[in-house]
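What follows is one structure encoded as structure tokens, with my remarks underneath.
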Amino acid sequence: MPMIDVYAAAGTFKDKHQLAKDLAATLMGIEQVPDIPMFRQNTAAFIHELPAGDLSNVDGASDYVRVQVLTNAGALDRDQQIAVVRRFTGMVADAAGDRTLVDRTWVLLTEAVPGGWGLGGHANTNDELVTAARKQIAELQAPAKDQ
């Protein structure tokens, strides 16, 4: 159930909704999770626009982007981590129409602690999420019964 948060100065991106959708789909692909409703409905990206003056480096520049990717523990191996950072950085720069933004985009990879996924009003462990996903996969793969 990955969550992606993108923080940037207001006006950085031409189409925030498309960027959010593309980031979510890209992460699902990199993670190689099954394309089932449970994962599609709960993999999301949020684009946070910060008002002028709410972002700065030491020198006062505010043309930076921060992307935080929250996944369950162990969801991404090292190659997948590298792919997420590389692809998300490029996608952010493309969405901003500014290839120099590659050098000013920070991607933070964060793993949730066990019990750290609140979903459906319940704090879920990794095992609970895996069990629920397997159940949904089995239900989708079961032959449809005649009604």
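Some points to look at:
- Residues of the stretch 34-58 satisfying the condition of being modelled with pLDDT of 80 or more and in a loop (DSSP other than H, G, I, E, B): Thr43, Pro51, Ala52, Gly53, Asp54, Leu55, Ser56, Asn57, Val58
- The set of residues in the stretch 1-26 being at pLDDT below 95 and touching a Phe, Trp or Tyr at 6+ places or on another chain (Cβ under 8 Å) consists of Met1, Met3.
- The numbered conditions (1) within 14 Å of Thr12 (Cβ to Cβ); (2) at pLDDT 95 or above; (3) surrounded by fewer than 17 Cβ atoms within 10 Å (Cβ to Cβ) are all true for Ala61 except (2).
- Among the residues listed as Thr26, Thr71, the single one being closer than 21 Å to Ile137 by Cα and not in a helix (DSSP H, G or I): Thr71
- A single entry from Asp79, Asp59 fulfils the requirement of being farther than 30 Å from Ala133 by Cα, without any contact (Cβ under 8 Å) to a residue 60 or more places away in the chain and of a type in the set (Asp, Glu): Asp59.
Matching residues to (1) surrounded by 19 or more Cβ atoms within 10 Å (Cβ to Cβ); (2) over 12 Å from Val67 (Cβ atoms); (3) among the polar types (S, T, N, Q); (4) touching a helix residue (DSSP H, G or I) at 6+ places or on another chain (Cβ under 7 Å):
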site	(1), (2), (3), (4)
Ile4	yes, no, no, yes
Ala8	yes, no, no, no
Gly11	no, yes, no, no
Met28	no, yes, no, yes
Gln41	no, yes, yes, no
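- Residue pairs meeting the criteria (Cβ under 7 Å; at least 6 apart or on separate chains; first of a type outside the set (A, V, I, L, M), in the stretch 1-25; second modelled with pLDDT of 95 or more and part of a loop (DSSP other than H, G, I, E, B)): Lys14/Gly97
The values are calculated or read from the model by the stated rules, or taken from the named source; none is laboratory data. These numbers were taken from a predicted model, which means no experiment stands behind them. So basically every Cβ, Gly included, is an ideal-geometry build from the backbone, and we count neighbours across all protein chains shown.
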